[in-house]
Amino acid sequence: MLSKLLRRILLAALLMVVLFEAAGWLIFKFPLDPPRTLLLKNDLPGCTKDVKLVFDRRQTRRFSLADQKQPGTVRIFCLGGWATLAMNQNDPDTWWGRLQSALTAKGLKVETAARGAERTSLADNVALTTPIIESLRPDIIIVNAGFDDALVHPLDYQYNAAAVAARLTPQPPSLRDHLVSFSQSVRFKRWWSTRREMGLAQNTIGRTDALRTSISNAQAAVAKLPVVDGVPRNPPNDPLAEYLDALKALDALAARTGASLILTGEPSLLGEFTSISDEERLLGYVSASIHGDRADRPARPLPSWILSEMNRFASATQSHAAAKGIPWINLNGLVPRDTNHFVTEVMLTDAGAAKMAEILLPTVEPVVRSKSTR
């Protein structure tokens, strides 16, 4: 009698699992994992020809980052835009890879992770990386920002403190997230879909000259946009308020995770133009309305306006850093503004990344040493 009851219980449990997994195949909708490895044939001037990009499931690049941090090791997390994403560079050739190599050469035990995103405001970047930082528990967070916040906000931007706060607050996993994590069939479907998507991405992005062609096409499209002298950025449509909210969120995140912050202004090609052909290399534009009914086309501000906005954000960052006692260095203008160091406004060549790391080293090294003794 007891054995019969046990068999029924086991069969019922098995049936529940089968029904749950069947529902997983038919009902669950889930985002595909991004490709983990991409091999690029790069033909951008000043950049390595063969590039291997390796990401984890959160699109984070890890340079000698172990699953478990070893005693005495200082873990650095780098957050930024195009230069940090560095689609045109192998890990050791990026600014954060070269910075780690320079620190290691000085006898320091360092490991680095980096998460870059193009055309993403600092607020959205912080929201994207907060769960990553909370998971990795870095000792140091290096933030490289300024260009995207000057440009990414639409023409009709309106600052809303409550909406920004909601974006900056990480949402806990939902019931659906927990159910998906328990489903073996959904995991298999995710694995199969990811492999398929990875193959498609590799065939598209991995072609020779794909990155160069993509940049050239984008530059040609931006060059055709109507030129405006500037975009009004007065309250309540000034994104600087949102940017400052993001800096405060970073302060709180660093305090919560025990990390030290280092703030850096993004280096750029902007500022040294001698001909219209130089300006045609640029990618900076302000988007049209995305929330209202306006039918504006995107606009291309003058480089002088973009540079002025970057300086305004840098000045605000400097004031924030001074008030909080956070190391700050504005890299804009320190990396030579020429095409030997830049591919686009903020996308670095290998020489540009090397120069950025060289400039950062005196600021970062003391912080690393203070952490390595703990």
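Here are some notes:
- Near pairs, Cβ below 9 angstrom, 6+ apart or cross-chain, from segment 229-240 (within 14 Å of Asp148 (Cα to Cα)) to any residue that is hydrophobic (A, V, I, L, M, F, W, C) and assigned to a loop (DSSP other than H, G, I, E, B): Pro239/Val152
- Pairs with Cβ under 7 Å, 6+ apart, first in segment 347-365 and of a type in the set (Phe, Trp, Tyr), second not in a helix (DSSP H, G or I): none
- Of all residues in segment 68-92, exactly one satisfies the criterion of being over 19 Å from Asp56 (Cα atoms) and surrounded by 21 or more Cβ atoms within 10 Å (Cβ to Cβ), namely Val74.
- Residue match in segment 93-110 (condition: in contact with a helix residue (DSSP H, G or I) (Cβ under 9 Å, 6 or more places away or on another chain), of a type outside the set (A, V, I, L, M, F, W, C) and closer than 30 Å to Val164 by Cα): no
Quick grid of which residues meet (1) at pLDDT below 80; (2) in a loop (DSSP other than H, G, I, E, B); (3) of a type in the set (D, E, K, R); (4) more than 21 Å from the chain's Cα centre (by Cα):
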position	(1), (2), (3), (4)
Leu155	no, yes, no, yes
Ala166	no, no, no, no
Pro173	yes, yes, no, yes
Arg196	yes, no, yes, yes
Leu211	yes, no, no, no
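- Counted residues, segment 331-374 - those being buried (at least 20 other Cβ atoms within 10 Å of the Cβ), touching a strand residue (DSSP E or B) at 6+ places or on another chain (Cβ under 8 Å), of a type outside the set (D, E, K, R) and not in a loop (DSSP other than H, G, I, E, B): 7
- Scanning segment 112-148 for residues that are over 15 Å from the mean Cα position of the chain (by Cα) and either at pLDDT below 95 or assigned to a loop (DSSP other than H, G, I, E, B) (or both) yields Glu134, Ser135, Leu136, Arg137, Pro138, Asp139.
- Every pair of residues 6+ apart whose Cβ atoms lie under 7 Å, when the first sits in segment 138-149 and is over 16 Å from Pro303 (Cβ atoms) and surrounded by fewer than 24 Cβ atoms within 10 Å (Cβ to Cβ) while the second is among the polar types (S, T, N, Q) and modelled with pLDDT of 95 or more: Asp139/Ser260; Ile140/Ser260
- Of all the residues in segment 48-62, those that are without any contact (Cβ under 8 Å) to a residue 40 or more places away in the chain and not in a strand (DSSP E or B) number 4.
- Failed item in (1) within 30 Å of Arg75 (Cα to Cα); (2) at pLDDT below 95; (3) in a helix (DSSP H, G or I), with Asp251 passing the rest: (2)
The values are calculated or read from the model by the stated rules, or taken from the named source; none is laboratory data. Since this is a predicted model, take the numbers as computed values, not measurements. Glycine also receives a Cβ, built like all others from the backbone with ideal geometry; neighbour counts cover every protein chain displayed.
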